[in-house]
1. Among the residues of the range 47-65 satisfying the criterion of being within 14 Å of residue 1 (Cβ to Cβ) and of a type in the set (D, E, K, R), which is surrounded by the most Cβ atoms within 10 Å (Cβ to Cβ)?
2. Look through 25, 47, 55 and report the one residue that is in contact (Cβ under 8 Å) with a residue 40 or more places away in the chain, assigned to a helix (DSSP H, G or I) and of a type outside the set (A, V, I, L, M).
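The values are calculated or read from the model by the stated rules, or taken from the named source; none is laboratory data. Note that the coordinates shown come from a computational prediction; the quantities given were computed from them, not determined experimentally. Positions of Cβ are generated from backbone atoms using ideal geometry, with glycine treated the same way; all protein chains shown enter the neighbour counts. Note: accessible area is taken over every heavy atom of the protein model, side chains too, but ligands, DNA and RNA are not part of it. Shrake-Rupley method; radii C 1.70, N 1.55, O 1.52, S 1.80 Å.
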Amino acid sequence: MQKLNYSELSGMDNKQIDAKVKEIRTDLFNMRMQKAAAGLEKPHAVRIAKGNIARLLTVKNSKGK
């Protein structure tokens, strides 16, 4: 997982942002389950996922509802 840039996110509409947040939250859940079961190969991916969710929600809130 890589860090999302603001320039990529500013062109998205609210439905796209919601879909991306849902996708990342699902990935984050799976990473947490894998971490508890056997350990993650890239544990920093959890932090990147959380940051991406925060960026997406910030862009969505700045656009208004």
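1. If we take residues in the range 47-65 being within 14 Å of residue 1 (Cβ to Cβ) and of a type in the set (D, E, K, R), then 55 is surrounded by the most Cβ atoms within 10 Å (Cβ to Cβ).
2. Numbers: 25 fails: in contact (Cβ under 8 Å) with a residue 40 or more places away in the chain; 47 fails: in contact (Cβ under 8 Å) with a residue 40 or more places away in the chain.
Step by step, each of 25, 47, 55 is checked, and only 55 is in contact (Cβ under 8 Å) with a residue 40 or more places away in the chain, assigned to a helix (DSSP H, G or I) and of a type outside the set (A, V, I, L, M).
For (1) open to solvent by less than 50 Å² (accessible area, probe 1.4 Å); (2) out of contact with any helix residue (DSSP H, G or I) (no Cβ under 7 Å at 6 or more places or on another chain), each residue gets a yes or a no:
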residue	(1), (2)
10	no, no
18	no, yes
23	no, yes
28	yes, no
31	yes, no
39	yes, yes
42	no, yes
45	yes, no
